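Enquirer: Just passing along the structure, written as structure tokens.
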Amino acid sequence: MSKKNKIDPEMMSLFKIFGISSILFVILISFFNDKSPNTSNENNLLAIDDASRLYFKNVRQPYYDVEGRTDAKMNIYRLGKRVKSENDPILNIAIIINRIKDEAYLYVEPSAVFDNETIIKIKWISENKEVDGELDFRSGDRYDHYGFVEDLYPLLLSNASFTTEIAGKRHPILSEGRERDAFRITAFDYYRLTARDDMNK
């Protein structure tokens, strides 16, 4: 009996130490867990599913020039009929598909005439000339590119007119049918790919 009484307190202290350590570990993990659910829905804006990917690959991909980036596990899609002039103010957009994360990104590709502009300023006016405004684009992360296209695309669909400023002078932009179509079609395909069909109405 004396031997049994001697072991019980030692075992009890071990259980206490183990229990307290486990609780502290769980609390610590809960504070520093980077994989907590994303409540901002930002990732949902970029996510693609198997059906959308297959549709894009089988139906839409033939209309695009594809650049494979095997190092980053990404493919860049640029509409084949886009305007490729480097001497005029052109705004093209590309679709980037991240094969690892099952995400798609929009990437704004201004022509070379914007190279000295830190911010691209786009002024717009509605088709009936009654409403106008300005959009600014500064190349940043994927959400900066996404946000700029999300703001400009509905204006394009509503037949707004656009101008931009380069070296202090204003120039028309997205004025020709081919340039507007390239932007519109790429954005349309992107929003279908990411299940944002509400943007295409």
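The values are calculated or read from the model by the stated rules, or taken from the named source; none is laboratory data. These figures come from a predicted structure and were not determined experimentally. Positions of Cβ are generated from backbone atoms using ideal geometry, with glycine treated the same way; all protein chains shown enter the neighbour counts. Just the protein is used for accessible areas: all its heavy atoms, side chains included, with ligands, DNA and RNA removed. Shrake-Rupley method; radii C 1.70, N 1.55, O 1.52, S 1.80 Å.
One line per residue, one yes/no per condition, for (1) modelled with pLDDT of 95 or more; (2) β-branched (Val, Ile, Thr); (3) within 29 Å of GLY68 (Cα to Cα); (4) touching a helix residue (DSSP H, G or I) at 6+ places or on another chain (Cβ under 9 Å):
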position	(1), (2), (3), (4)
HIS145	yes, no, yes, no
VAL149	yes, yes, yes, yes
LEU174	yes, no, yes, yes
PHE183	yes, no, yes, yes
ASP189	yes, no, yes, yes
ARG196	no, no, yes, yes
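Enquirer: Go through segment 75-94 and give me each residue that's open to solvent by less than 50 Å² (accessible area, probe 1.4 Å) and part of a loop (DSSP other than H, G, I, E, B).
Expert: GLY80, ARG82, VAL83, SER85, PRO89, ILE90
Enquirer: Moving on to the next point. Looking at segment 175-201, which of its residues are in a helix (DSSP H, G or I), among the polar types (S, T, N, Q) and more than 23 Å from ASN87 (Cα to Cα)?
Expert: ASN200
Enquirer: For ALA72, indicate whether it is exposed (fewer than 14 other Cβ atoms within 10 Å of the Cβ) and under 19 Å from the mean Cα position of the chain (by Cα).
Expert: yes
Enquirer: When GLU179 is evaluated against the numbered criteria (1) open to solvent by less than 80 Å² (accessible area, probe 1.4 Å); (2) touching a helix residue (DSSP H, G or I) at 6+ places or on another chain (Cβ under 6 Å); (3) not small (Gly, Ala, Ser), which criterion, by number, is the only one it fails?
Expert: Among (1) open to solvent by less than 80 Å² (accessible area, probe 1.4 Å); (2) touching a helix residue (DSSP H, G or I) at 6+ places or on another chain (Cβ under 6 Å); (3) not small (Gly, Ala, Ser), GLU179 violates only (2).
Enquirer: Name, by its number, the condition in (1) surrounded by 13 or more Cβ atoms within 10 Å (Cβ to Cβ); (2) in a loop (DSSP other than H, G, I, E, B); (3) touching a Lys or Arg at 6+ places or on another chain (Cβ under 8 Å) that does not hold for ILE97.
Expert: (2)
Enquirer: Does segment 158-174 contain any residue that is open to solvent by 70 Å² or more (accessible area, probe 1.4 Å), in a loop (DSSP other than H, G, I, E, B) and acidic (Asp, Glu)?
Expert: No.
Enquirer: Restricting attention to segment 141-191, which residues are among the basic types (Lys, Arg) and farther than 15 Å from LEU106 by Cα?
Expert: LYS169, ARG170, ARG178, ARG180, listed by residue number.
Enquirer: Please state which one of ARG53, ARG60 is in contact with a strand residue (DSSP E or B) (Cβ under 9 Å, 6 or more places away or on another chain), at pLDDT below 95, open to solvent by 20 Å² or more (accessible area, probe 1.4 Å) and assigned to a helix (DSSP H, G or I).
Expert: Only one candidate qualifies: ARG53.
Enquirer: What's the number of the condition GLY68 fails, among (1) assigned to a strand (DSSP E or B); (2) modelled with pLDDT of 95 or more?
Expert: The single condition GLY68 does not satisfy is (2).
Enquirer: Being assigned to a strand (DSSP E or B) and touching a His at 6+ places or on another chain (Cβ under 9 Å) is the filter; apply it to segment 104-153 and report the residue that is most open to solvent (accessible area, probe 1.4 Å).
Expert: Among them, the one singled out is TYR107.
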